[in-house]
Every structure is written in C-alpha cells, then in structure tokens.
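This report refers to the structure that appears directly beneath it.
The values are calculated or read from the model by the stated rules, or taken from the named source; none is laboratory data. The structure displayed is predicted, hence computed values, not measured ones. Backbone-built Cβ (ideal geometry, glycine too); neighbour counts: all protein chains shown. Surface accessibility is based on the protein's heavy atoms, side chains included, excluding ligands, DNA and RNA. Shrake-Rupley method; radii C 1.70, N 1.55, O 1.52, S 1.80 Å.
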Amino acid sequence: MYSEIVNTIKGLFPKQDFVPLHAPCFVGNEKKYLNECIDSTFVSSVGKFVDRFENEMAAYTGAKKAVVCVNGTNAIQMALMMVGVERGDEVLTQPLTFIATCNALSYCGAYPVFIDVDRDTLGLSPVKLEEWILEHAELRDETLYNKRTGRRIKACVPMHTFGHPVHLNKLVEVCRRYHLKLVEDAAESIGSFYHGQHTGTFGEVGVLSFNGNKTITTGGGGMLLFQDEELARLCKHISTQAKVPHPWEFVHDHIGYNYRMPNINAALGCAQLETLPAFLEKKRELAAIYKNYFDSVGMEFMSEPEGCRSNYWLNAIILKDKEERDSFLEYTNSHGVMTRPIWQLMNRLPMFEQAECGDLSNCTYLADRIVNIPSSVRL
Ligand SMILES: *Cc1c(COP(=O)(O)O)cnc(C)c1O
C-alpha cells in the first residue's frame, strides 16, 4: 500500500532521488532583476524593487497598501503592534499553527489563548471562538476582558493553514461583535481566495511570508497588507527606524525597528510574483491529481473549503490514527519521499503549556493524523 503511494508520488516528480516537500522554483526574471540590483548598487534597504513589489502585491491582493519587511514572523509582530496589542494583553489564536504566530505575539508581551479549529478549514473556528468568549470573557466599555485573568483581550489571529481559508465572513462578524482586532496570519495563503477576495484583506491587517518554502519566495521576507493607508504609513515608518525625513539630520520620533526588506530580496519577489499565476495553476493541478488518487485508494485528502479557492501550498492527507501516521512517515521518508506531520500543538510546547485553552477536540484529532506530502510546483 505505502509502496504504491511512494511510486505514485515519485511518478509525479520524476528524475529526483529524494522528493522534497516544497522546493522553490525560479524560471522567470529572477536573475535579470538581481543583476539590475547589483549594477545599480541599490541592494539594501532602498531601491525601486521595494516600492514596485509593494505596489504590485497591493494590486494583486486588493489591499489598500502593502508594506514589506524582513520576514513573516516580524510582520506578525508589527501587525499586532499596529492594531494596539500591548504588554499584558491576550490574543485569541489557534494552537494548530507554525510557532511563528505565537512567537510574534510573545514579542509584544501578549499571551495566547488557544481556540479550536474547524475540521473543514484546519483554521480558527468562529463558532468555537464565540462559545469561548460567551463563557470566559466580558465586554466593558467596548473592550473585551478575560473574566478569570482580568486581562484585556485585544486581537484575534486566525491562520489559513496550508493555504485553506478559514470561515472569514463569520469570523469578521464575531470579531466585530466583541471589538477584537482581526489580524490574519496569511503567511501560507498567498493566492488563496475566500469568495473571490484575497486572504489577508479581511481584517485590519494581514500578513504574508516569502520564506524559501512558501509559494513564492524572496529568500526571506514578509509583508503586511493594510486596508487603512494611514496605519500602513505608520507601519513603514516604525519598521524603518522611525526616521523623520530630513536632508541630513538624524531625527527619530518613535522606538523604531530595522525590519526593512532589502531591495535585492524585493527584486526576487517581483520576479516571483510574475510567475505566481502559473505556479497556482500547477499547484491546483497537482492537488486535483492527489485528490483523485487518494479517493481511489480510500484515503482522506484535504480539499479546499466550500466557496474558497486555495493555493494548495502544502497538500495534506488525514490518516486513520497516530500509529498509521507514524508508519506512513517512517516508510515514505526512508523511501525517498519527504513527508512531515503537522506541527505539534502550541499548547503542548513548554513556552505555552500554561496558556488558557478552549475545547480543542478538533486540534487534538488533527494533530495526530495530518501529514504533508510533496507539493512543489511541477515544471
Ligand atoms: C511561514 C510562516 C510564518 C512566517 O514565517 P517567516 O519564516 O518568519 O517568514 C508565520 N506563520 C505561519 C503559519 C507560517 O507558516
């Protein structure tokens, strides 16, 4: 059984001794733009590719304004700071996520509260979110507080797992009702749409990542998507050492950060963005092949949620139980096909094991069963 799966996957990625989970793909203007960067000497934090990448990404996603920075993790940190998350606040998020989400909120001095995901999206459940709020929180003067800890609950951070959008309409509604700022961790979901609207543009801020393993890459990099241009301008200012423009004086009006994306990375991003539509087509084609195959052998394949168009960043299958998952991981990884279990739940890691949790039955079920399978763009 597993040998047939391995052969099928190897057939989809021929001429490779070891099939990786996700490899970057450079088939466009990458070298041309990098050379332009070097020839111009503008390789660092200013240059035309930075502005171009921001403008083109805003146009592609439909955001009012996009701000690049050095990686997705600090983009989440900046996003939380921009919506007013302060030391001692609580942030509602899902424990089924990559560590970056929780690291970023910790940099702000905030505490995570872990809410379950939905089985059909793998992302934060608006129903479970509201259930938790009704039982454990209270609104006072349009501010939500945790009744047990007394802390202010400032924001909600859903994550679009493997590029599958969460139930955004419902989530926006719940966040509005309880005066929560919505920050979407859309690090995995560039090119994923919810009812025709790009993920990362539903909340106050959305965050993308361009790490090497993501759908498109700048080497390392991140981006904030804003609906509010004023907030975007403030973010740009804070992320560039909060330097006030002046011909020669060094005037800074905030504690700033050096979180700028260098022009050389943005050059790579501009080239990658040009090939994104073709990448997405290829990725969705691969997902359709996988879906057919796993249906035919009676295994569960993770499909895009209803009304959504997912980028299928990483394809996922859901095995029967942990034993089956472990034997599948063992077999595939020792036979030339890279597979990986989903992340350990955040509330099981030492840094977050004290965190407050709602009912996590879906997370607990999925954490034992989900495996990612090779998902690179096939040329
Ligand atoms: C990749 C990723 C990030 C950001 O990662 P960086 O490597 O810092 O760009 C954040 N959240 C999730 C869920 C991710 O997958």
Quiz item: For residues in segment 54-73 being within 14 Å of the ligand (Cβ to nearest atom) and either basic (Lys, Arg) or assigned to a helix (DSSP H, G or I) (or both), which is surrounded by the fewest Cβ atoms within 10 Å (Cβ to Cβ)?
Solution: Thr73
Quiz item: Under 9 Å by Cβ, and 6 or more places apart or on different chains, what pairs join a residue from segment 139-160 that is aromatic (Phe, Trp, Tyr) with one that is open to solvent by 50 Å² or more (accessible area, probe 1.4 Å) and part of a strand (DSSP E or B)?
Solution: Tyr145/Glu138; Tyr145/Leu139; Tyr145/Arg152
Quiz item: Which ones in segment 344-377 are out of contact with any Phe, Trp or Tyr (no Cβ under 6 Å at 6 or more places or on another chain) and open to solvent by 50 Å² or more (accessible area, probe 1.4 Å)?
Solution: Gln344, Arg348, Pro350, Met351, Glu353, Gln354, Asp359, Ser361, Thr364, Tyr365
Quiz item: Among the residues of segment 170-200, which ones are away from the ligand (no atom under 15 Å from the Cβ), open to solvent by 10 Å² or more (accessible area, probe 1.4 Å) and within 22 Å of Tyr312 (Cα to Cα)?
Solution: Phe193, Tyr194, His195, Gly196, Gln197
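Here's the yes/no breakdown for (1) closer than 22 Å to Arg119 by Cα; (2) in contact with a Ser or Thr (Cβ under 8 Å, 6 or more places away or on another chain):
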site	(1), (2)
Leu273	no, no
Arg340	yes, no
Leu366	yes, no
Ile373	yes, yes
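Let's see how each residue does on (1) over 23 Å from Phe352 (Cα atoms); (2) touching a residue at least 60 places away in the same chain (Cβ under 8 Å):
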residue	(1), (2)
Asp118	no, yes
Ser125	no, yes
Glu130	no, no
Glu135	no, no
His164	yes, yes
Self-check item: Residues (part of a loop (DSSP other than H, G, I, E, B), among the aliphatic types (A, V, I, L, M) and open to solvent by less than 20 Å² (accessible area, probe 1.4 Å)) located in segment 333-343
Solution: Ile342
Practice problem: Could you figure out which of (1) over 21 Å from Asp185 (Cα atoms); (2) open to solvent by 30 Å² or more (accessible area, probe 1.4 Å) isn't true of Asp228? | Solution: (1)
Quiz item: Give me the pairs: first residue in segment 200-214 and at positive phi, second residue open to solvent by less than 10 Å² (accessible area, probe 1.4 Å) and part of a loop (DSSP other than H, G, I, E, B), beta-carbon distance under 6 Å, and six or more apart or on different chains, which are they?
Solution: Gly200/Ala186
Exercise. Quick one: in segment 123-166, of everything that is part of a strand (DSSP E or B) and charged (D, E, K, R), which residue is surrounded by the most Cβ atoms within 10 Å (Cβ to Cβ)?
Key: Lys154
Quiz prompt | Subset of segment 15-53 [in a loop (DSSP other than H, G, I, E, B) and open to solvent by 80 Å² or more (accessible area, probe 1.4 Å)] | solution = Lys15, Asp17, Phe18, Phe26, Val27, Thr41, Phe42, Val46
Quiz item: Using beta carbons and a limit of 6 Å, which pairs, at least six apart or on different chains, have the first residue in segment 83-107 and touching a residue at least 40 places away in the same chain (Cβ under 8 Å) and closer than 29 Å to Asn372 by Cα and the second one acidic (Asp, Glu) and within 12 Å of the ligand (Cβ to nearest atom)?
Solution: Thr101/Asp185
